[in-house]
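J.: One structure follows; several queries about it will come next.
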Amino acid sequence: MKTFYIETFGCQMNVHDSEKVIGTLTGQGYRQVTTPEQAELVLYNTCSIRDKAEQKVFSRLQQFKKDGRGKRFAVLGCVAQQEGHRIFEKAPHVSMVCGSASYNKLPELLVQLEAGGRRVTGLSLDTEDTFETPFARRDNPHRAYITIIEGCDKSCAYCVVPFTRGPERSRTSESVMGEARDLAQRGYTEIQLLGQNVNSYRDPSATGWGFATLLRNIGAVEGIRRVRFTTSHPRDFVREIVDAIDENTALCNHVHLPVQSGSTRVLEAMQRLYTREEYMRRIEWMKSARRAIAISTDIIVGFPGETEEDFEATLALVDEVEYDSIFSFKYSRRPNTPALDLGDQIPEEEKGRRLAILQEKQRAIQIRRNAGYVGVVEECLVEGFNNATGQWIGRTSQNKTLNFLRAGECEDLAGRYVNVRVTRAGPNSLAGEWVN
Ligand code: SAM
Ligand code: SF4
């Protein structure tokens, strides 16, 4: 039996890609092991969104430069696509390099590898296909990811994704619905729809559904109690999505809507295709919805040319929206991207200063907002038990972590939906007591 080990870096798209890669490998007679030492084939599914993420894979490969004899190494994902054949020069012990747009070809690439191929590649971006496989090996028994759209047709000035994941390709609604029904039958109750810009979804079949229609239909699948989706691009975020959330409680009341900057001038330089005002209109739709929709975002500080005034505009936007959570990053120069050659780079130290100010502001907002949940009863999907704290870990529809106590001996609650009264709130999570 052939053995493999896989390590995944980066976003949920990569995590789910790995689930599909694992399914493909086991379908080819491989067996997964839990350490690279035990494996004959070691795969790294990589991320190149920021420089730091990219460096991680090279430091992993470095570890095996001397003592990797008898093993094969494969680099998959965004770094593979971006660096291509250069990886063989940098790390000669690597024998396969494959970008996500070529995962459909994995079975034939594995045959080449097994036949002794030293430089096996899958690097073409020229594809209209999505990676569909009946074999995905899902780790979580309750929540399942479904990729509905791959690649990206936008061209944000800082971003490598259009170069690493290729052009936008949507799956047919029939295939997505089939997967959702199948998952429901197998006992999954939560579905998370994935895409770089999930709401740019456009059914390529004659059915022609847009994202909001797909969302409504997934929300109506029998047995599915929660539907999440990430990431939404503000430009394609239509009011119908908010209406759908209002009408069906199976659609989680949480939207991740990356803003990147609060300054229209910077948004224009980033080629984000919306102004601050257009973004705020979408926030207004959500704030005036009947259900309380939690909103999260991504923000980049220190994009080339970002002035103190631009940064203040971002801080003011964060104050105005009062996000439930944010992911914030220092701008990182990436190969191939339009922003690479822009002058007026902001010094690292200044980027660090701005990031710290932003994160401090957001922390205060989260403390204030979360305190408002004390006394409220929330339905949680139980994700597991934390032995260290003696608490169950729950997640609310708004995507907040709600840890709770259940007095006395009790059965395994993982995967169940329970009601919990919030008794305490911190900046990053809530704590409470079970009430049913
Ligand atoms: N498609 C999503 C969108 O348009 O909002 C984002 C996908 S990207 C994988 C995730 C986040 O990484 C982005 O929202 C952005 O904040 C961040 N990011 C992307 N490129 C970056 C860069 N060069 N430097 C710093 N952060 C970056
Ligand atoms: Fe990157 Fe922009 Fe595409 Fe998002 S929309 S993946 S940030 S290029």
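J.: Among all residue pairs at least 6 apart or on different chains, which show Cβ distances below 6 Å where the first residue, located in the stretch 328-340, is more than 13 Å from Ile49 (Cβ to Cβ) and the second is open to solvent by less than 40 Å² (accessible area, probe 1.4 Å) and within 11 Å of ligand 2 (Cβ to nearest atom)?
T.: Cβ pairs passing all conditions: Pro338/Ala157; Ala339/Ala157; Ala339/Tyr158.
J.: Another question about this same structure. Look through Val382, Val422 and report the one residue that is under 26 Å from Ile326 (Cα atoms) and in contact with a Lys or Arg (Cβ under 6 Å, 6 or more places away or on another chain).
T.: So the residue among Val382, Val422 that is under 26 Å from Ile326 (Cα atoms) and in contact with a Lys or Arg (Cβ under 6 Å, 6 or more places away or on another chain) is Val382.
J.: Can you pull out the helices (runs of 4 or more DSSP H) entirely within the stretch 32-145 that have at least 1 residues that are of a type in the set (S, T, N, Q) and surrounded by fewer than 16 Cβ atoms within 10 Å (Cβ to Cβ)? Before the answer, list the steps.
T.: Values: elements: 51-63, 78-83, 86-90, 106-114.
Helices (runs of 4 or more DSSP H) meeting the threshold: 51-63.
J.: Then there's this: Just one of (1) more than 22 Å from the chain's Cα centre (by Cα); (2) within 15 Å of ligand 1 (Cβ to nearest atom); (3) open to solvent by less than 50 Å² (accessible area, probe 1.4 Å); (4) not acidic (Asp, Glu) trips up Tyr373, so point out which.
T.: If we test Tyr373 against (1) more than 22 Å from the chain's Cα centre (by Cα); (2) within 15 Å of ligand 1 (Cβ to nearest atom); (3) open to solvent by less than 50 Å² (accessible area, probe 1.4 Å); (4) not acidic (Asp, Glu), just (2) comes out false.
J.: Report whether or not Glu222 is farther than 26 Å from Pro162 by Cβ and open to solvent by 30 Å² or more (accessible area, probe 1.4 Å).
T.: In short, yes.
J.: Let me ask another. Six or more apart or on different chains, Cβ atoms under 7 Å: show the pairs whose first residue is in the stretch 44-63 and more than 19 Å from Gly302 (Cβ to Cβ) and whose second is aromatic (Phe, Trp, Tyr).
T.: Filtered contacts from the stretch 44-63: Asn45/Phe9; Thr46/Phe9; Cys47/Phe9; Lys56/Phe9; Val57/Phe9; Val57/Tyr44; Arg60/Tyr44; Leu61/Phe73.
J.: Something else about it: For Tyr158, are the conditions met, namely being within 16 Å of ligand 1 (Cβ to nearest atom), touching a strand residue (DSSP E or B) at 6+ places or on another chain (Cβ under 7 Å), open to solvent by 10 Å² or more (accessible area, probe 1.4 Å) and not in a helix (DSSP H, G or I)?
T.: Numbers: within 16 Å of ligand 1 (Cβ to nearest atom): yes; touching a strand residue (DSSP E or B) at 6+ places or on another chain (Cβ under 7 Å): yes; open to solvent by 10 Å² or more (accessible area, probe 1.4 Å): yes; not in a helix (DSSP H, G or I): yes.
Answer is yes for this residue.
Matching residues to (1) open to solvent by less than 40 Å² (accessible area, probe 1.4 Å); (2) within 13 Å of ligand 1 (Cβ to nearest atom); (3) outside any loop (DSSP other than H, G, I, E, B); (4) more than 30 Å from Ala220 (Cα to Cα):
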site: Glu278; (1), (2), (3), (4): no, no, yes, yes
site: Phe303; (1), (2), (3), (4): yes, yes, no, yes
site: Ala313; (1), (2), (3), (4): yes, no, yes, yes
site: Leu317; (1), (2), (3), (4): yes, no, yes, yes
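J.: Taking interchain pairs and intrachain pairs at least six residues apart, which have beta carbon atoms under 7 angstrom, with the first residue in the stretch 1-15 and of a type in the set (Phe, Trp, Tyr) and the second part of a loop (DSSP other than H, G, I, E, B) and within 13 Å of ligand 2 (Cβ to nearest atom)?
T.: Phe9/Cys47
J.: Moving to a separate point now. Among the residues of the stretch 327-346, is there at least one that is away from ligand 2 (no atom under 16 Å from the Cβ), more than 24 Å from Cys159 (Cα to Cα) and either part of a strand (DSSP E or B) or open to solvent by 60 Å² or more (accessible area, probe 1.4 Å) (or both)?
T.: There is no residue in the stretch 327-346 that is away from ligand 2 (no atom under 16 Å from the Cβ), more than 24 Å from Cys159 (Cα to Cα) and either part of a strand (DSSP E or B) or open to solvent by 60 Å² or more (accessible area, probe 1.4 Å) (or both).
J.: Could you list, in sequence order, all residues of the stretch 381-397 that are farther than 21 Å from Ile224 by Cβ and either among the charged types (D, E, K, R) or surrounded by fewer than 19 Cβ atoms within 10 Å (Cβ to Cβ) (or both)?
T.: Listed by number, the residues that qualify are Phe385, Asn386, Asn387, Ala388, Thr389, Gly390, Gln391.
J.: Further, regarding this structure: Can you name the residue in the stretch 1-25 that is open to solvent by 60 Å² or more (accessible area, probe 1.4 Å) and more than 17 Å from Cys78 (Cβ to Cβ) and is also modelled with the highest pLDDT among such residues?
T.: Lys2
J.: Considering every residue within the stretch 338-360, establish whether at least one is closer than 30 Å to Pro141 by Cβ and either over 23 Å from the mean Cα position of the chain (by Cα) or modelled with pLDDT under 95 (or both). Spell out how you get there, then give the answer.
T.: Of the stretch 338-360, the ones closer than 30 Å to Pro141 by Cβ are none.
No, the stretch 338-360 contains no residue that is closer than 30 Å to Pro141 by Cβ and either over 23 Å from the mean Cα position of the chain (by Cα) or modelled with pLDDT under 95 (or both).
J.: Additional query: So which of Asp243, Asp298 is open to solvent by 10 Å² or more (accessible area, probe 1.4 Å) and in contact with a helix residue (DSSP H, G or I) (Cβ under 9 Å, 6 or more places away or on another chain)?
T.: Unique residue meeting the criteria: Asp243.
J.: Does the stretch 348-369 contain at least one residue that is surrounded by fewer than 18 Cβ atoms within 10 Å (Cβ to Cβ), touching a Ser or Thr at 6+ places or on another chain (Cβ under 8 Å) and either touching a residue at least 60 places away in the same chain (Cβ under 8 Å) or at positive phi (or both)?
T.: no
J.: Within the stretch 260-276, which residues are in contact with a Lys or Arg (Cβ under 7 Å, 6 or more places away or on another chain), open to solvent by 20 Å² or more (accessible area, probe 1.4 Å) and touching a residue at least 60 places away in the same chain (Cβ under 8 Å)?
T.: Leu273
The values are calculated or read from the model by the stated rules, or taken from the named source; none is laboratory data. Keep in mind that what you see is a predicted model, and the values were worked out from it rather than measured. Because the Cβ atoms are built from the backbone with ideal geometry, glycine has one as well, and the counts that use them run over all protein chains shown. For the accessible areas, the whole protein counts, side chains as well, though only heavy atoms, and no ligand, DNA or RNA atoms are used. Shrake-Rupley method; radii C 1.70, N 1.55, O 1.52, S 1.80 Å.
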